[in-house]
1. Going down the list 14/91; 9/150; 125/204; 49/204; 9/85; 49/93, which pairs span over 19 Å between their C-alpha atoms?
2. Return the long-range amide H neighbours of residue 129 (sequence gap of 5 or more, or a different chain), with a cut-off of under 5 Å between placed amide H atoms.
3. Hey, can you find the accessible area per residue of the stretch 43-89 for me, probe 1.4 Å, expressed in square angstrom?
4. In nm, what is the difference between 0.36 nm times the number of residues separating residue 154 and residue 178 and their Cα-Cα distance?
5. Classify the stretch 140-186 as rounded, prolate or oblate, taking a ≥ b ≥ c as the square roots of the eigenvalues of its Cα gyration tensor: rounded when a/c is under 1.5, otherwise prolate if a/b is larger than b/c and oblate if not.
6. Relative contact order of the chain, please, whole-number percent, based on alpha carbon pairs below 8 angstrom and at least 6 residues apart.
7. Taking only the alpha-carbon atoms of the stretch 88-161, what semi-axes of the equivalent ellipsoid follow from 5 times the gyration tensor eigenvalues under a square root, in whole Å, largest first?
8. Over the chain, with a Gaussian network built from C-alpha contacts below 10 Å, which listed residue (145, 42, 165) shows the highest mean-square fluctuation?
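The values are calculated or read from the model by the stated rules, or taken from the named source; none is laboratory data. Note that the coordinates shown come from a computational prediction; the quantities given were computed from them, not determined experimentally. All Cβ positions, glycine included, derive from the backbone under ideal geometry; neighbour counts span all protein chains shown. Only protein heavy atoms, including side chains, enter the accessible area calculation; ligands, DNA and RNA are left aside. Shrake-Rupley method; radii C 1.70, N 1.55, O 1.52, S 1.80 Å.
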Amino acid sequence: MIDVEVFSKAGIGKHNEDYVLHTEIAPDISLFVVCDGMGGLSYGADASKIIVHSIENYLRQDLCIHNPEQSIINALLSANDELAKECVRLKSKMGGSVALALFVGNACYYTWLGDVRIYLATEGKIELLTKDHLAIEGNHSFLSSCINGKDFRHIPEVGELAISSGDEVYIATDGYYLHNEMGAMIESVITADDDATFVCIRLK
């Protein structure tokens, strides 16, 4: 059994370009995806929706239960292809950071591209499972990996966790984790300029 809490709020004076999906794609298989549209490019909110639903559609149709890791990688590739088509159609540059958690029985498979983070909270400790794909040049930082319709620089990494009752998995965008204590739920103060999204997945 899984309980879910979701918080997502636009930054001050902005439209929310974060997008969250949580759904059951097959019996005892739950999918969670969070995407943070790249505000420096065009159509950030649209990019997030395209990426998330492309991942969902692929896994609904082609998830191989005996090799979920490869299925997840293929889903990211499929989302990248779909976004590339939309970039051509709109004659625009689009992109997003994404993190995914797929719960299959007592296992959680996870991946990410960009700086949406995934955490595990167990036995009173919180562990960051992901490492931001960020590069720094001078005073500027940029995403070294994301979904933007271009070829991936490296094959996405897929992790696997054994999960048990009482564990919690968090997925958060930078607008949340840079301004709030991780795991502090939703009524915590959100005053950031950036969109903030936090998903708490609680195993029962």
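1. Details: 14/91 23 Å; 9/150 29 Å; 125/204 17 Å; 49/204 29 Å; 9/85 28 Å; 49/93 15 Å.
Flagged as over cut-off: 14/91; 9/150; 49/204; 9/85.
2. 118, 119, 120
3. Working: 2310 Å² over 47 residues.
Accessible area per residue, the stretch 43-89: 49 Å².
4. Numbers: separation 24, 0.36 × 24 = 8.64 nm, distance 2.64 nm.
Using 0.36 nm per residue and subtracting the Cα-Cα distance, I get 6.0 nm.
5. Values: a/c = 3.54, a/b = 1.36, b/c = 2.60.
Here the stretch 140-186 falls in the oblate category.
6. Numbers: 457 pairs, mean separation 54.1, N = 204.
Once divided by the residue count of the chain, the mean separation gives 27 percent.
7. Working: eigenvalues 148, 58, 19 Å².
They are 27, 17, 10 Å, listed largest first.
8. Ranking 145, 42, 165 by mean-square fluctuation puts 165 first.
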